[in-house]
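The values are calculated or read from the model by the stated rules, or taken from the named source; none is laboratory data. Source: prediction; values computed, not measured. Reconstructed Cβ throughout: ideal geometry from the backbone, glycine too, with neighbour counts over all protein chains shown. Each accessible area value is taken on the protein alone, full model and side chains, heavy atoms only, with ligands, DNA and RNA left out. Shrake-Rupley method; radii C 1.70, N 1.55, O 1.52, S 1.80 Å.
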Amino acid sequence: MSETIPTYDRLLLRTDAPPGSSWGLFPDDAERGMANFAGPEQVLRGRATIRDGIVFSLDYAADAFEPSMSRSRRPPAQTVTSAHPDSFDDVWDGYWPQASSHIDGLRHRRAHGHGFYNGVPDSSVAAGTPHLGVQAWAEKPIAGRAVMADVERYREDAGSPIDHQAGEPLSLADITATLGAQGSSLEPGDILLLHTGWAEWFLGLDPARRAGAKAKRNTTGVAQSTEFLAWLWDSRIALFGTDTFAVEALPASLDSPFRETGEDGGMMHQELIAKLGCPLGELWHLAELAAHCARTGRYEAFLTVKPLNLPGAVGSPANATAIV
């Protein structure tokens, strides 16, 4: 597939689709977007990374992030019911699938002036319709070789720890230098995991300080740049999972190249989701896997991601499982 897929520079020159988009480039499974980069070859390559037989869940508990950085998402409330003394069911009320560790589906964002991924019309993105829903990744889960970029450890070792209090933007150079220091290389169809330590930092705050962080809304994440988008696309990454609130730094940097589009004050979610079709993982539990990688010196794992099979869902718990 890589031989027929244009580079990001070529995508920016498109006139048959929004510049910088992958619309129409995956005709066999259009609604899977960049997840199409992870096929049978990548699954077999991921299998080869299993050495120790240790399994890691990359999901935090559904109620872990409360109070949340989100303005609206809340943990669900459980009601236990019983039809008779020996049988129990439960109902979860007010369930926001993106309140804790999750994956953003391709109907999560539209591109201002262009619409949803692959030109799916707004009328098709509504309750009761399946278009661009996360079921595309539930019916055919994303699996393959994951590469961990432990930027937190790299920056600590370099004597320049990440400033989570300030919500430091992380440059592409931070990521590539981390991979270089680890001796990690990326191959087409890999799943990239970015460990920054932000989730552990946030969850380690007492309730008052966590509420203060929410009010400030400065969060660590990737700095907005066309260079990052080009690198991610040209590396043929099938999924980008992070332990951060929004993948990218929030708020967007003042020099973000996407401010002129008027899209969320310079955020590049629209470029990633609506244009490139990139599955994004947020608030993932990466600390334990990162620690194991550091102990063994092997920064790779076999990873499976299977969202809930909810037709038309905007997002879902990632149900991400790593095996090393």
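Here is the figure for the range 168-193: residues that are within 17 Å of the chain's Cα centre (by Cα), touching a residue at least 60 places away in the same chain (Cβ under 8 Å) and within 17 Å of ALA246 (Cβ to Cβ) total 3. Inspection of the range 22-29 identifies at least one residue that is more than 30 Å from ASP206 (Cβ to Cβ), among the small types (Gly, Ala, Ser) and modelled with pLDDT of 95 or more.
Among the candidates SER101, SER87, SER57, SER82, the residue that is under 20 Å from VAL305 (Cα atoms) and open to solvent by 20 Å² or more (accessible area, probe 1.4 Å) is uniquely SER57.
For beta carbons closer than 8 Å, sequence separation of 6+ or different chains, a first residue in the range 273-298 that is under 30 Å from ASN118 (Cβ atoms) and a second that is open to solvent by 10 Å² or more (accessible area, probe 1.4 Å) and basic (Lys, Arg), the qualifying pairs are ILE273/ARG109; ALA274/ARG109; ALA274/ARG110. The listed residues are ARG145, ARG155, and the only one of them that is open to solvent by less than 50 Å² (accessible area, probe 1.4 Å), assigned to a helix (DSSP H, G or I) and of a type outside the set (Val, Ile, Thr) turns out to be ARG155.
Of the listed requirements (1) in contact (Cβ under 8 Å) with a residue 24 or more places away in the chain; (2) open to solvent by 50 Å² or more (accessible area, probe 1.4 Å), ALA208 misses just one: (1). In the range 237-277, of all residues being assigned to a helix (DSSP H, G or I) and on the phi > 0 side of the Ramachandran plot, the one that is modelled with the highest pLDDT corresponds to GLY266. Among residues of the range 36-59 that are part of a loop (DSSP other than H, G, I, E, B), those with a beta-carbon under 6 Å from a residue that is surrounded by 14 or more Cβ atoms within 10 Å (Cβ to Cβ) and of a type in the set (Phe, Trp, Tyr) at least six positions away or on a different chain give the pairs THR49/PHE302; ILE50/PHE302; LEU58/TRP284. Just one of the listed residues (LEU276, LEU289) is hydrophobic (A, V, I, L, M, F, W, C) and either surrounded by fewer than 19 Cβ atoms within 10 Å (Cβ to Cβ) or in contact with a Ser or Thr (Cβ under 9 Å, 6 or more places away or on another chain) (or both), namely LEU276.
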